[in-house]
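Throughout, read-outs are computed from the coordinates displayed, never taken from laboratory work. Because the structure is a prediction, the values reported are computed rather than measured. Heads up, the Cβs are rebuilt from the backbone with ideal geometry, glycines too, and the neighbour counts pull from every protein chain shown.
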């Protein structure tokens with residue numbers, strides 16, 4: 001199939017990878033363009049990263065380069081993203097510039113941290129209303145939209161599943177990177193025990209991987225979603241525009 005562009009929008013530095021990491025890796029391997037947007041990237045406004053702003057930014061961008069994706073940082077403060085005309089226009093401008101075929105963003109019921117739900121709402125509204133937000137310019141990009149999950153404790157009703165069994169090791173290790181390289185360096189992490197374990201995955205020819213609890217949580221959720229759809233490991237999504245359920249370009253992009 002023709003190469004497509006996937007836009008994944010997340011509030012924080014690792015949200016895109018947590019919610020859609022397997023899909024991102026599979027899409028890149030098939031030669032598709034993947035653009036990740038992190039909205040709250042003023043690292044001076046978060047206690048975990050305060051004082052390490054340049055170090056954190058470098059690590060975030062280096063990981064994106066390693067993954068062969070584009071990453072854009074919008075510079076909002078942590079827990080300071082607001083649904084208003086300014087944020088809507090900024091997101092609409094990104095949509096016009098990136099011209100995605102598919103857009104993915106937060107489950108809008110994830111109210112804690114609050115940035116998650118707000119970013120999901122901003123992105124969906126900007127895709128639907130980009131014409132009006134940018135002065136009547138003709139825009140119709142990214143209308144096949146899906147929400148992803150970061151924290152499974154909030155209401156989420158998936159209707160689309162992506163088999164990520166073939167990339168599960170890379171997916172959980174990518175998420176673990178943020179735990180090891182970023183969160184572990186925070187003052188709060190240094191004052192408490194960090195959970196780390198070695199896991200043997202029979203599905204991966206008995207390959208043993210060492211995971212912090214960041215990657216381990218993604219592994220467990222992927223196992224649960226896989227059981228729901230009949231594969232070993234999966235990511236789950238909710239289609240925000242139900243008209244696409246008959247076509248599912250998303251699945252065409254990652255199918256073998």
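For the chain, what is the percent of antiparallel DSSP beta bridges, rounded to the nearest 5? All intermediate terms of the calculation are to be shown ahead of the outcome.
Details: 12 of 31 bridges.
Percent antiparallel among DSSP bridges in the chain is about 40.
Residue 97 label point, 7 Å along Cα→Cβ, cut-off 12 Å on backbone N: hits in region 9-40?
36-38
Arranged by the count of other C-beta atoms within 10 angstrom, fewest first, what order do 128, 233 take? Display every interim value, and only then the final one.
Numbers: 128 16, 233 27.
Taking fewest neighbouring Cβ atoms as first place, the list is 128, 233.
Which value results when the Cα radius of gyration for region 30-85 is divided by 2.2 N^0.38 Å? Mind showing how you got there, number by number?
Numbers: Rg = 12.9 Å, N = 56, 2.2 N^0.38 = 10.2 Å.
Ratio of Cα Rg to 2.2 N^0.38 Å: 1.27.
Residue 255 label point, 7 Å along Cα→Cβ, cut-off 18 Å on backbone N: hits in region 76-119?
102
Classify region 1-110 as rounded, prolate or oblate, taking a ≥ b ≥ c as the square roots of the eigenvalues of its Cα gyration tensor: rounded when a/c is under 1.5, otherwise prolate if a/b is larger than b/c and oblate if not.
Details: a/c = 1.95, a/b = 1.31, b/c = 1.48.
Note, shape of region 1-110 comes out oblate.
Top mean-square fluctuation among 24, 175, 56, Gaussian network model of the chain, C-alpha springs under 10 Å?
Comparing 24, 175, 56 in a Gaussian network model of the chain, the most mobile one is 56.
May I ask you to sort 46, 212 by Cβ crowding, counting other Cβ atoms within 10 Å and putting the fewest first?
Working: 46 18, 212 21.
Lowest count first: 46, 212.
Could you tell me the relative contact order of region 1-72? Use alpha-carbon pairs under 8 Å, at least six residues apart, and round to a whole percent.
Working: 85 pairs, mean separation 24.4, N = 72.
Averaging sequence separation for qualifying contacts and normalising by length gives 34 percent for region 1-72.
Grab the Cα-Cα distance for residue 3 and residue 231, subtract it from 0.36 nm times how many residues apart they are, and report the gain in nm with one decimal. Display every interim value, and only then the final one.
Values: separation 228, 0.36 × 228 = 82.08 nm, distance 2.61 nm.
Full extension from residue 3 to residue 231 adds 79.5 nm.
Connecting C-alpha atoms closer than 10 Å in a GNM of the chain, tell me which of 121, 149, 86 has the biggest fluctuation.
Residue with maximal mean-square fluctuation among 121, 149, 86: 86.
Any idea how far the Cα center of region 52-75 sits from the one of region 119-144, in Å?
26
So how much slack lies between residue 83 and residue 140, counting 0.36 nm per residue of separation and subtracting their Cα-Cα distance, in nm? Mind showing how you got there, number by number?
Values: separation 57, 0.36 × 57 = 20.52 nm, distance 2.12 nm.
18.4 nm is the gain from fully extending residue 83 to residue 140.
Normalising by the residue count of region 15-161, find the relative contact order in percent from Cα pairs under 8 Å and 6+ residues apart.
Values: 207 pairs, mean separation 34.7, N = 147.
Normalised by residue count, the contact order of region 15-161 is 24 percent.
Does the chain come out rounded, prolate or oblate, given a ≥ b ≥ c as the square roots of the eigenvalues of its C-alpha gyration tensor, rounded meaning a/c under 1.5 and, failing that, prolate meaning a/b above b/c? Walk me through the numbers on the way to the answer.
Values: a/c = 1.74, a/b = 1.15, b/c = 1.52.
Since a/c reaches 1.5 but b/c is at least a/b, the shape of the chain is classed as oblate.
To make sure I understand, if each residue's beta carbon is the centre and we count other beta carbons within 10 Å, what order do 80, 47, 222, 87 fall in, fewest to most? Show your work: numbers first, answer last.
Numbers: 80 13, 47 10, 222 24, 87 21.
So the residues, fewest neighbours to most, are 47, 80, 87, 222.
Relative contact order for the chain: what percent, with Cα pairs under 8 Å and sequence separation of 6 or more? Each step should come with its number before you reach the end.
Numbers: 469 pairs, mean separation 56.9, N = 256.
In percent, rounded to a whole number, it is 22.
From the Cα gyration tensor of region 75-162, with a ≥ b ≥ c the square roots of its eigenvalues, which class applies: rounded if a/c is under 1.5, or else prolate if a/b is larger than b/c, or else oblate? Let's see the in-between values first.
Numbers: a/c = 2.52, a/b = 1.33, b/c = 1.89.
Verdict is oblate for region 75-162.
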